[in-house]
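**Student:** Next up is a structure, given as structure tokens.
Coordinate-derived values only; no laboratory data. Not measured: the values here are computed from a predicted model. Don't worry about glycine lacking a Cβ; one is built from the backbone with ideal geometry, like all the others, and counts go over all protein chains shown.
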Amino acid sequence: MIAMSNIEFRAVTKKDLPLLKRWIAQPHWQVWWGDDAEREAAEIAASLDNEAVEPMIAERGGKPIAYVQTYDPHLEDDHPYQDQPFGTIGIDLSIGEPSDLHKGLGTQILLTLADLLFEEGVPRLIIDPHPNNPAAIRCYEKAGFVAFDTRETIYGRAIMMARDNPEFAGPDED
């Protein structure tokens, strides 16, 4: 799959924290993030110096549209997804404004990000929606992710979904 969009990614900076607090305070975020926007924004701020997590703002036409973070489960002590192949990158995604929901932006963001990460040599991407979030699950399926497991995490139940880099497919056996 090739992403055909004008989605760009940039690192979150401290200047983005007011925007993120506003987004986190939105009902569509609070369902999954909780209702403490200050605490959640502080956690994002703390991740700015964490080598295991890369917090980003997805933009379209220079306008911030979503929060995206990638993480390497192998760089976090006792991360529950360390059973994934070395080099796997996890993704978390939340669309910023309610008016941007259900427009295909999540799928565009994931397709674009997958292309970038696969070009960098990442072998596998994982994402872990809650089973009660069918919109997210459908979005991830549209972006090529396939469910492979259900797990209990510190955040609750999660459906594990993966998309593998086609460049890392094994050779056909004769």
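**Student:** At a threshold of 8 angstrom on Cα-Cα distance, excluding pairs fewer than six apart, so keeping six or more, what relative contact order does the chain reach in percent?
**Tutor:** Worked out over the chain, it gives 18 percent.
**Student:** Sticking with this structure for a sec: Which net charge results for the neighbourhood of residue 26, defined as the other residues with beta-carbon distances under 14 angstrom from its beta-carbon, given Lys and Arg at +1 and Asp and Glu at -1?
**Tutor:** Neighbour charge sum, excluding residue 26 itself: -3.
**Student:** Compute the whole-percent fraction of alpha carbon pairs in the stretch 88-163 spaced more than 19 Å apart.
**Tutor:** Considering the stretch 88-163, 33 percent of its Cα-Cα pairs are separated by more than 19 Å.
**Student:** For log10 I(q)/I(0) by the Debye sum over Cα atoms at q = 0.13, 0.19 Å⁻¹, several values are listed as [x] -0.61, -1.32; [y] -0.70, -1.32; [z] -0.64, -1.49; flag the one computed from this structure.
**Tutor:** [z]
**Student:** Please give the Cα centre distance for the stretch 113-174 versus the stretch 25-73, rounded to the nearest Å.
**Tutor:** Using only Cα atoms to place each centre, the spacing works out to 19 Å.
**Student:** Straight-line reach from residue 63: which lysines have a Cα under 20 Å away, not including same-chain ones fewer than 8 places off?
**Tutor:** Leaving aside lysines fewer than 8 places away in the same chain, those within reach of residue 63 are 14, 15, 21, 103.
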